[in-house]
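A.B. asks: Let me begin by handing over the structure; questions about it come next.
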Amino acid sequence: DDNYYLYAISPRDRYSLYKQVNDEWQVVAEWADSAVLETAEEAVSRLGVLAEGNRIALFANDTLVTAVEDDSFAGGGIGLAVGTFEEGNAEARFDNLEIWDLAPE
């Protein structure tokens, strides 16, 4: 339960992918710039994650921003969170969460 991936975005048009394994953070994809993220006040960004086998693809506003391969976890759930490092007063809203099982029937 304590092992997971974290798709993070910053208010400075950047994204990254980390994983926590046995209480240790590991970088899967370094912080990178993305012109497709909407991070201005009151902006809306549509984020997506496609996890299929050992391939993880990250999307922002219907655009692929990166794809990596990592086979650390075979399955799991999903969670949504908002946090800050140094600055406070973060505010976010989540809606229209959609989850699809891509396994063949």
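The values are calculated or read from the model by the stated rules, or taken from the named source; none is laboratory data. Fair warning: this is a prediction, and the values are worked out from it, not measured in the lab. Here the Cβ positions follow ideal geometry from the backbone for every residue, glycine too, while neighbour counts run over all protein chains shown. What goes into the accessible areas is simple: the full protein's heavy atoms, side chains included, and nothing from ligands, DNA or RNA. Shrake-Rupley method; radii C 1.70, N 1.55, O 1.52, S 1.80 Å.
A.B. asks: Among (1) exposed (fewer than 10 other Cβ atoms within 10 Å of the Cβ); (2) without any contact (Cβ under 8 Å) to a residue 24 or more places away in the chain, there is one condition Leu64 misses while meeting the rest; what is its number?
C.D. replies: Here Leu64 clears every test but (1).
A.B. asks: Which condition from (1) open to solvent by 100 Å² or more (accessible area, probe 1.4 Å); (2) touching a strand residue (DSSP E or B) at 6+ places or on another chain (Cβ under 6 Å); (3) aliphatic (A, V, I, L, M) is the one that Ala74 breaks?
C.D. replies: The single condition Ala74 does not satisfy is (2).
A.B. asks: Exactly one of (1) surrounded by 10 or more Cβ atoms within 10 Å (Cβ to Cβ); (2) more than 14 Å from the chain's Cα centre (by Cα); (3) at pLDDT 80 or above; (4) among the polar types (S, T, N, Q) is unmet by Asn96. Its number?
C.D. replies: (1)
A.B. asks: Shifting gears a bit: Please go through the stretch 22-49 and give me each residue that is more than 23 Å from Ala92 (Cα to Cα) and either touching a Lys or Arg at 6+ places or on another chain (Cβ under 6 Å) or open to solvent by less than 40 Å² (accessible area, probe 1.4 Å) (or both), ordered by number.
C.D. replies: Passing the criteria: Gln26, Val28, Ala29.
A.B. asks: I'd like the full set of residues that are at pLDDT 90 or above and charged (D, E, K, R), limited to the stretch 24-44.
C.D. replies: The answer is Glu24, Glu30, Asp33.
A.B. asks: Right, here's the next one. If I ask for residues that are open to solvent by 90 Å² or more (accessible area, probe 1.4 Å) and free of Cβ contacts under 8 Å to residues at least 24 places away in the same chain, which ones from the stretch 50-61 would you list?
C.D. replies: Arg55
A.B. asks: Turning to a different aspect of this structure: Gly79 is checked against (1) within 13 Å of the chain's Cα centre (by Cα); (2) surrounded by 13 or more Cβ atoms within 10 Å (Cβ to Cβ); (3) small (Gly, Ala, Ser) and fails just one. What number does that condition carry?
C.D. replies: (2)
A.B. asks: Out of (1) touching a strand residue (DSSP E or B) at 6+ places or on another chain (Cβ under 7 Å); (2) modelled with pLDDT under 90, what's the single condition that is false for Leu80?
C.D. replies: So the condition that Leu80 fails would be (1).
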